Amino acid sequence: MESKVTVLTPNGRRQNVKISPNMTLLQILEDVCSKHNLCSDDFTLKHHNKEVSLAQTFRFSGLPNNCLLEMSEADKKRTVANVDICVQMEDGSRKQAQFKSTSNLWSVLEELAAGELEKYDSPVIMYMRQDIMGKEKLENTTLKSLGILEGRALLRLANKKVEELKTQAMVYAPPAPKVETKKDENDNVKPKTTKSAGGGGGGFAITKDLVKSLKKAAEPKPETKTNENEQQEEGSTENSKTENTTKEVAKPKYDWGDAPGRSMQASKNNKEQEEAIEEMEPEIEPEYHIIGDRNALLYHLDAAQSQIEDLPDSFYDLTVNDLKLVLRDLRKIATGDADAPLLTEKLREIENNNTMLRKISQYKNCAIRIQFPDRHVLQGMFKPVDKVADVLEFAKTFLVKPQQSCYLYTIPPKTILDLDKTLLELDFVPNALVHFSTEDENNDAILLKEEYLKQLTSPDGALFAANKFR
């Protein structure tokens, strides 16, 4: 991924700068100032209103990628300062002198290590995980470009080839595992490593003593019935990894309810239940009554409420799968859009258009439910490109007084829908619930015709019809 930062200049413009890990913040400032004809010595950089050190490289600055830096006027103009440079040779000896921060590395080596330069075929200066090799690079690299602006610094001089630069010095290499010999019961010598059987540093190895101790702890009690196959294969290492198939006769300590997936122990009637499910007849389609155009049907919310009240308490118990879904949703909420890239207005518009195209290709129709003040719900099928005005005209055909003024709205908060908006623009695809209201707000009056109130559909039938016709 490309690394860059955005710098906010004093004139209000934003400048993007491509960076590398070893690039100093001073180089970023100088790059921006050169493009806007500004003097870099008069400015400093801030991140979240906190001044950052220009001598640091971006690798060690702690700044994130694509961060925003702000240029601000420095309290004091920066000047060229003297720095104390110490060069360490390969034999461990050191030589020190004072230089200007604008001095290049080759002049520093000529003054402090002239004799060593004659002996070395390929001298390399190492500083802060940077390797500068060759006379040309040493002449073009100044102390200022390395972030050495003031104070003292230590440079290491070595004689290395290009291939040797790929190997990092002072890296710990773990020793090879010791191999010990151990005799088993048949006097066979087997190698034994210090690592565990799991292959990792943590955990423990599955040994014969461990298997025996586990089997002693899992001996069957008078209240349990064990499998005869387990007694015949006792002592083998492989059976230590198999699950225990014992079934307890006594009542479990905790009652987890009758919901599926909640029982923590095997049920005696599992096979009987599975056989009963297989013998059940296929589910009969719920009945529904089409009362008009657009596959219209009508139902009452009180019928749906009565169905909910008839459900047993065990229906509301969370299963293991439910908990997994809740955990997945919580992880998504915790992650959020913190890692998502920032989008411009044009990119957001393109993304919204792509979402609309996907919905049009996936759903040819959308189910719109219109809830009236008397808790009756009218359901109809519409095209994604239909407008709110089409939905309102559809609802008026079922009213006692079609000519009365009315409108549609959504909650919460109460938002009156624009008649010229399409269902796709309002994100009503593949389904949506809107509310119907009249201008006089007379909720006691009968709105729907009597002939339609006699042809009500059950909520299950309405749901089945919505999935079928959509």
Margin query: If I model a spin label as a point 7 Å beyond the Cα along the Cα-Cβ vector, how far apart are those points for residue 79 and residue 364 in nm?
Written below: 8.3 nm
Next item on the list: Please name whichever of 3, 82, 45 sits farthest to the positive end of the charge dipole of region 1-90, dipole taken about the Cα centre and charges placed at Cβ: Lys and Arg +1, Asp and Glu -1.
Entry: 3
Check: Which FRET efficiency value, to the nearest 0.05, is calculated for residue 419 and residue 450 with the Förster distance at 25 angstrom and r the Cβ-Cβ distance?
Finding: 0.30
Check: If you count, for each residue, the other Cβ atoms within 10 Å and average over each peptide, how do 362-370, 348-356, 43-51 line up from highest to lowest?
Finding: 362-370, 43-51, 348-356
Next item on the list: Give me the net charge of residue 453's neighbourhood, meaning all other residues with Cβ under 14 Å from the Cβ of residue 453; Lys, Arg count +1, Asp, Glu -1.
Entry: -1
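Any idea what the dipole of region 1-109 comes to, in debye rounded to 20, about its Cα centre with Lys/Arg Cβ at +1 and Asp/Glu Cβ at -1?
Value, rounded to 20: 180 debye.
Roughly speaking, to the nearest percent, how much of region 9-163's 1.4 Å accessible area is carbon and sulfur?
On the way: 3810 of 9000 Å².
C and S atoms contribute 42 percent here.
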Next item on the list: With a probe of 1.4 Å, find how much accessible area region 51-148 has per residue, and write the answer as a whole number in Å².
Entry: 57 Å²
Notebook entry, point to check: Carbon and sulfur: what percent of region 383-470's accessible surface (1.4 Å probe)?
Noted result: 51 percent
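So, with +1 on the Cβ of K and R and -1 on the Cβ of D and E, and no other charges, what is the size of the charge dipole of region 93-161 about its Cα centre, to the nearest 20 debye?
Working: 12 positive and 9 negative charges, 58 e Å.
Magnitude of the dipole: close to 280 debye.
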Note to self: Please compare each pair in 324/383; 77/100; 46/161; 332/364; 414/454; 18/77 to a cut-off of 28 Å on the Cα-Cα distance and tell me which ones are over it.
What the structure shows: 324/383; 46/161; 332/364; 414/454
Item checked: Spatial separation of Cα centroids for region 340-385 and region 40-64, in angstrom -> 47 Å
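The values are calculated or read from the model by the stated rules, or taken from the named source; none is laboratory data. In this text, all values refer to a predicted model and were calculated from it rather than measured experimentally. Here Cβ is always computed from backbone atoms with ideal geometry, including for glycine, and neighbour counts include all displayed protein chains. Only protein heavy atoms, including side chains, enter the accessible area calculation; ligands, DNA and RNA are left aside. Shrake-Rupley method; radii C 1.70, N 1.55, O 1.52, S 1.80 Å.
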